[in-house]
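The values are calculated or read from the model by the stated rules, or taken from the named source; none is laboratory data. All of these numbers come straight from a predicted model, not from anything done at the bench. Positions of Cβ are backbone-derived with ideal geometry, glycine not excepted, and every protein chain shown enters the neighbour counts. Ligands, DNA and RNA are stripped out before the accessible areas are found, and what is left, the full protein with its side chains, is counted by its heavy atoms. Shrake-Rupley method; radii C 1.70, N 1.55, O 1.52, S 1.80 Å.
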Amino acid sequence: MAAPDLYLNPSEAAKRLGVSVKALRLYGQRGLVTPKRTAAGWRVYGPDEMRRVTEIVGLRELGLSLGQVAQVLRGDATSLETALSGHQAVLEGRLHQLTEIVDRVRRVRADLAGGKRPATGDLARLMKPATSISVAFDLPWPWGGEPFELHDIKPLNHIVGPLGSGKTRLARRLAESLPDAIFLGLERSADGGANARALLDANPQLKSRVDQALGWLVEDGANVSEALATLLVGLEHQDSAIAVVDMVEQGLDKATQEALIGWLRRRAPSARPLFFLTRSTAILDLDAVGPHEAIIFCPANHSAPIPVAPYPGAPGYEAVASCLASPEVRARTEGVIAWRPGVA
């Protein structure tokens, strides 16, 4: 047995592996790794468990669901071909972007060699992908028409704020201002999913994409529901459009929310930007925010929305954290309105 100092608690193991403690717990719940236990019953990860989780993380980065990861770890590599094909497509897309940037650098160097100095604006855009998306507009009520801009929009954008902060109005204005954007409101399931089913029946390609997404999500622990199917139809119906979603977790249980954000992160690098309102810690786990994500916070005092970095101590971090709750708490308090004695 390895020396005791080679065994790490979940927090230490997660930090070393670059994953969240929640992810480690999920891998254990799905039987992918079995951590050792101390005499007091605490989970610890030794060299063997760390190697196992490293394999799991690597397979997840290739786009495999937890179910597919389990198959590969058991020696069944049939899931790898599809995953590697998709990963190759993502890498080729990044390579195309890098090639464009290299070409721009070459042109600037050629101009410099010929005595032509590039404009400051050209230098500022030099390292940005040609497909970089920005938006600018005047903020709607409850703001006072202040100018608002977003540059170099990330693939996944969390919109967070307390009740009455204007976040839904911001989301609607984003959908109006962004190119080829659609808004998926809370009424998306009001018809019992009839419209979503009609779209699936009329569009075999859409049905194939939704079925593929559902399969991945179910293997990651999601529970199929009308709310999930309707959301996926909305996201996949116009796969080239930017989607803005009101309360993405609406109607979804905790396991489904966790699977959904994993799926969204998997598709993020090659997908069009997605904006979504959330108040769930299962969707916005501040310890798990990746490089393709951004947080936009709408303050309660209706000052202009601000970007917030997912690090303790960053401006707005505590305010964002205070707006989030677990799916269990969100379900328990759904529709509850704060009341103060003596206020009619």
Filter pass, VAL248 being surrounded by fewer than 18 Cβ atoms within 10 Å (Cβ to Cβ), among the hydrophobic types (A, V, I, L, M, F, W, C), assigned to a loop (DSSP other than H, G, I, E, B) and free of Cβ contacts under 8 Å to residues at least 60 places away in the same chain: no
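If you scan the stretch 313-327, which residues turn out to be part of a helix (DSSP H, G or I) and either among the β-branched types (Val, Ile, Thr) or more than 10 Å from LEU286 (Cβ to Cβ) (or both)?
Selection gives GLU318, ALA319, VAL320, SER322, CYS323, PRO327.
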Residue in the stretch 103-116 that is open to solvent by less than 70 Å² (accessible area, probe 1.4 Å), within 27 Å of GLY251 (Cβ to Cβ), in a helix (DSSP H, G or I) and small (Gly, Ala, Ser) present: no
Condition broken by GLY290, with the remaining ones in (1) at pLDDT 90 or above; (2) out of contact with any Asp or Glu (no Cβ under 9 Å at 6 or more places or on another chain); (3) closer than 28 Å to VAL320 by Cβ; (4) not in a helix (DSSP H, G or I) satisfied: (1)
Filter result for ILE159 (open to solvent by less than 70 Å² (accessible area, probe 1.4 Å), of a type in the set (A, V, I, L, M) and assigned to a loop (DSSP other than H, G, I, E, B)): no
Flag if ASP48 is among the charged types (D, E, K, R), at pLDDT 85 or above and open to solvent by 30 Å² or more (accessible area, probe 1.4 Å): yes
Candidate set from the stretch 209-240 (those that are among the hydrophobic types (A, V, I, L, M, F, W, C), over 15 Å from ARG267 (Cα atoms) and more than 17 Å from the chain's Cα centre (by Cα)); member that is surrounded by the fewest Cβ atoms within 10 Å (Cβ to Cβ): VAL224
Qualifying position, being surrounded by 18 or more Cβ atoms within 10 Å (Cβ to Cβ), touching a residue at least 40 places away in the same chain (Cβ under 8 Å) and over 16 Å from VAL69 (Cα atoms), among LEU26, LEU8: LEU8
Residues that are in a helix (DSSP H, G or I), surrounded by 11 or more Cβ atoms within 10 Å (Cβ to Cβ) and not charged (D, E, K, R), drawn from the stretch 197-208: ALA198, LEU199, LEU200, LEU206, SER208
First in the stretch 286-303 and aromatic (Phe, Trp, Tyr), second anywhere and in a strand (DSSP E or B) and open to solvent by 30 Å² or more (accessible area, probe 1.4 Å), Cβ under 7 Å, 6 or more apart: PHE297/ILE306
Counted residues, the stretch 167-196 - those being open to solvent by less than 10 Å² (accessible area, probe 1.4 Å), under 19 Å from ARG279 (Cα atoms) and not aliphatic (A, V, I, L, M): 1
